[in-house]
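The values are calculated or read from the model by the stated rules, or taken from the named source; none is laboratory data. Source: prediction; values computed, not measured. We place every Cβ from the backbone using ideal geometry, glycine too, and count neighbours over all the protein chains shown.
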Amino acid sequence: MARSIGADRLTLLGFLLAAAACGAPGPRPLAYGSETCAHCHMTLLDPRFSAELLTTTGRAIPFDDVGCLGSFVAAGGVPAAQLRSLWVSAFLPPHDLLEVSRAVFLRSPALHTPMDYGIVALVPGPAADSLRAALGGELLPWDSVLAALRSKPGR
């Protein structure tokens, strides 16, 4: 009997871990060259600048520029209660998608992004610091990016 209870507990633990892993899906691959930005309607072409918003209903909304994602969110493009997660492509290779909370954002006039927001996402650390030193500008957290975009509406 003790063996059965232990096996049942392991089975239950495995089921709970699998359910938890499935509960918060990550971003889906973006279709470069054919998918359009939900904010500016340009075709997504360059993985260095792209982003994706996931809703609580499972909808994935693509963006061709980090600034487009920020402007869309700042303008209430999706109600806050329906936001599941926000993802941005790392500007430096390998261009992995990062949750905005795990990224730092470089805003610099030297950056020429698809919609000219001049904002890119980076993995925090020495590479981000080096790029900021090379290009100038400032490293910002996501909430500061949103605040800057809210203060300059109209894109």
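If the condition is being surrounded by fewer than 13 Cβ atoms within 10 Å (Cβ to Cβ) and in a loop (DSSP other than H, G, I, E, B), then the range 111-135 contributes 112, 116, 125.
Against the conditions (1) surrounded by fewer than 21 Cβ atoms within 10 Å (Cβ to Cβ); (2) modelled with pLDDT of 95 or more, residue 75 satisfies every one except (2). Out of the range 39-63, which residues are in a strand (DSSP E or B) and farther than 18 Å from residue 121 by Cα? Scanning the range 39-63 gives 43, 55, 60.
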